[in-house]
1. Is it the case that region 32-51 has a residue that's farther than 30 Å from residue 161 by Cβ and part of a strand (DSSP E or B)?
2. If you go through region 157-177, how many residues are part of a strand (DSSP E or B) and either within 25 Å of residue 282 (Cα to Cα) or modelled with pLDDT of 85 or more (or both)?
3. With the structure loaded, tell me whether residue 244 is modelled with pLDDT of 80 or more and in a strand (DSSP E or B) or whether it fails that test.
4. I need every pair where a residue in region 69-82 that is farther than 14 Å from residue 141 by Cα has its Cβ under 8 Å from the Cβ of a residue that is outside any loop (DSSP other than H, G, I, E, B) and modelled with pLDDT of 95 or more, sequence separation at least 6 or different chains.
5. Could you list all residues from region 48-58 that are loosely packed, with under 15 Cβ neighbours inside 10 Å and closer than 14 Å to residue 12 by Cβ?
6. Can you tell me which residues in region 14-29 are surrounded by 13 or more Cβ atoms within 10 Å (Cβ to Cβ) and either part of a strand (DSSP E or B) or not assigned by TED's automatic domain parsing to the domain that holds residue 69 (or both)?
7. Buried (at least 16 other Cβ atoms within 10 Å of the Cβ), at pLDDT 90 or above and assigned by TED's automatic domain parsing to the domain that holds residue 170, is that true of residue 308?
């Protein structure tokens, strides 16, 4: 099983500035050389950087403390101390930084972000060369470096996608993602195959649509049942939803209602997103046990106000129509509807 980490607690610290130096010129034939103490270097900063190749926060669980380097102290002959090295923390797209104590959101990263300077390093202290005056020709004082900053953070990742694929376990979400995109999720004929959100890109002409395969939900997911409770929050970051309903299952008429109930219990805003209903596995059941085409028709009668399509990933039936429907669903005008 892939190790998926969508939360982590970390401690971050910027570096302290180096101390200023007290020194004097010591040269032959210069009996009273003036001050020559250099400044301390600036402490390193804490920087967060979005890396699109990252999918989880597992790397933050193995290393939970990040400290930038302190600035070096100044030296004689007006030699300035070296600045401390920054510490760069890579995070996946969709990462949210929160204060661990208050829960305040400090930064919400999108798909593409420039490096984010979170904590500055402390300034270096002045050397005694800065304190020379007409009154004080040989100052013996310098300033210490400023201390760095420390914060304890809760880092969370929430999947960013145009369309989230929602459904019961084994409803065909992973198979559809595999067929439509460059993603290669784990696929098997048993429930809960998908244990982490998978992302893929569906390209339609010049339109790229990011699809998210959300691990299967079951009734009671909003109260902690099954695997769904852990991933319900990821659905909130999608712009639209596609509900996949397995037409080979006896609960095909109730599936959409149950799924909608769980989403609404988690967040009422989820059921307000633009959506599309898809009856899957239309190629199954033709042996006489049931007719998937009839079940698809009954689904349309049950939910007359919904856009409903039927597909078979195995035979390819309905996939072209579904791709076009996803394109319309992901269009900016549809999202605002």
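1. yes
2. Within region 157-177, residues that are part of a strand (DSSP E or B) and either within 25 Å of residue 282 (Cα to Cα) or modelled with pLDDT of 85 or more (or both) number 5.
3. Yes, satisfied.
4. From residues that are farther than 14 Å from residue 141 by Cα, the pairs are 69/87.
5. Result: 49, single match.
6. Passing the criteria: only 24.
7. For residue 308, the condition - buried (at least 16 other Cβ atoms within 10 Å of the Cβ), at pLDDT 90 or above and assigned by TED's automatic domain parsing to the domain that holds residue 170 - is met.
Each row is one residue, and each column tells you yes or no for (1) assigned by TED's automatic domain parsing to the domain that holds residue 20; (2) loosely packed, with under 14 Cβ neighbours inside 10 Å; (3) in contact with a helix residue (DSSP H, G or I) (Cβ under 7 Å, 6 or more places away or on another chain); (4) outside any loop (DSSP other than H, G, I, E, B).
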position	(1), (2), (3), (4)
70	yes, no, no, no
96	yes, no, no, yes
106	yes, no, no, yes
110	yes, yes, no, no
118	yes, no, no, yes
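The values are calculated or read from the model by the stated rules, or taken from the named source; none is laboratory data. A quick note: this is a predicted structure, and the numbers were derived from the prediction, not measured. Cβ: placed from backbone, ideal geometry, glycine included. Neighbour counts: every protein chain shown.
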